[in-house]
1. Let me spell out the model: positive unit charges on the Cβ of Lys and Arg, negative unit charges on the Cβ of Asp and Glu, origin at the Cα centre of the stretch 102-159. What dipole size does that give, in debye rounded to 20?
2. Helix 4-16 sits at what angle to the longest principal axis of the chain, using alpha carbons and giving 0 to 90 degrees rounded to 10?
3. With contacts defined as alpha carbon pairs under 8 Å and 6 or more residues apart, what's the relative contact order of the stretch 197-353 in percent?
4. For the chain, which whole percent of the accessible surface, found with a 1.4 angstrom probe, sits on carbon and sulfur atoms?
5. I'd like to compare 74-82, 32-40, 291-299: which one has the highest average count of other Cβ atoms within 10 Å, and what's the full order after that?
6. As I understand it, the dipole of the stretch 214-342 uses +1 on the Cβ of Lys and Arg and -1 on the Cβ of Asp and Glu, about the Cα centre. Which of His285, Phe259, Thr313 lies farthest toward its positive end?
7. Where Rh is the Kirkwood radius over the Cα pairs of the chain, the temperature 37 °C and the viscosity 0.692 mPa s, what D in µm²/s does Stokes-Einstein return?
8. Under the Karplus relation 6.51 cos²θ - 1.76 cosθ + 1.60, θ = phi - 60°, what is the ordered set of whole-Hz ³J(HN,Hα) values for the stretch 157-167, x standing for Gly and Pro?
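The values are calculated or read from the model by the stated rules, or taken from the named source; none is laboratory data. All values derive from a computational prediction rather than experimental measurement. With ideal geometry, Cβ positions are generated from the backbone for all residues, glycine too; neighbour counts draw on all protein chains shown. For accessibility, only protein heavy atoms count, side chains too; no ligands or nucleic acids. Shrake-Rupley method; radii C 1.70, N 1.55, O 1.52, S 1.80 Å.
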Amino acid sequence: MKNFFSGILLQWYEENRRDLPWRNTTDPYLIWISEIILQQTRVVQGMDYYFRFVERFPDIQSLAEADEDEVLKYWQGLGYYSRARNLHAAARDLMTRFGGCFPESYDEVRSLKGIGAYTAAAVCSFAWRLPYAVVDGNVYRVLSRVFGIDTPIDSHEGQKRFAELASSLLDKTHPDLYNQAIMDFGAIQCLPQSPDCLFCPFRDKCEAYLQGKVAQLPVKAGKTTVKPRYFNYLDIRCGDRLLLSRRSAKDIWQNLYEFPLIETERDMEWQELVKEQQFLELFQHIPEVKVQRQYPVFKHVLSHRIIYARFYTIEVSKFTSAFSAYLEISESDLEKYAFPRLITLYLEKSDRQ
Ligand code: SF4
């Protein structure tokens, strides 16, 4: 009953495939890098990042030998920096455990840091034609619609059901083409909004289309709660010197750089901020703190957080001992540091980069 699926899909792919640089290779390293980048961004934007990244780190060894700071710098703007850190850690692990080569078994690929079921299936099927089906957002959407499945894709039951279905549909003689085909089909034809049902080869078989349920599938059970956070950044200057700190806690943007930060429970204006304990400690030896410039609140949306950020430019005559926890750099060195997108937005706005 399901046999129609891969035949139609592969025929569609033959006529509609996207010519992407990482499709013309069986090098697992290049496939891995492209897949991780594409989890962050769309193909068009991802292309630039991909070329820049593999030009600088053309193989496992060059990535493993690089400083984490430099890897993060090449990732800057893509978000989810833990993925870049995992790439780096996995490259080092590949050097230690596998002599700098990718292992050719699914379980060993899956054992690398940051490589989940989806990436392992992509690497193994594209590089070695191993019969593992990819299951990502595109696949959930296509399968839930074509087969009319309303089990929530974010439930344990749903994940199991879709993984089994995907595996049973996989064309085991062409797992590479099949996986690329279903990814492209979800990205080009069966889009989340306005799928092109009119010219779809599954039109007379697609349960969602036949039952008028296209817009309702796939089903998601839980909504993620988005928590607000309030950041007050102090861009403290002394001539052309300024202060940075490196985020190290188990929190967003781990190991990226930022300005001295005071996080508050709610949004605060300057008059309130100056009464905060952290502020008083920081400026205890400076009798009068003058703000040179302040900016409208930046609203920065992440997957589980909304950050409301205020930035203040403050000029001081010297960096006192209260600032010793921060890294003092010269303005011309700003570009050497990897910042979260929020900070680069500020730097752009303040004409500093
Ligand atoms: S008919 Fe529409 S909903 Fe069904 S697979 Fe085709 S594009 Fe997707």
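1. 180 debye
2. 60 degrees
3. 28 percent
4. 48 percent
5. The most tightly packed comes first, giving 32-40, 74-82, 291-299.
6. The residue sitting farthest along the positive end of the dipole is Phe259.
7. My calculation gives 142 µm²/s for D.
8. Couplings: 4, x, 4, 5, 5, 5, 5, 5, 4, 4, 5 Hz.
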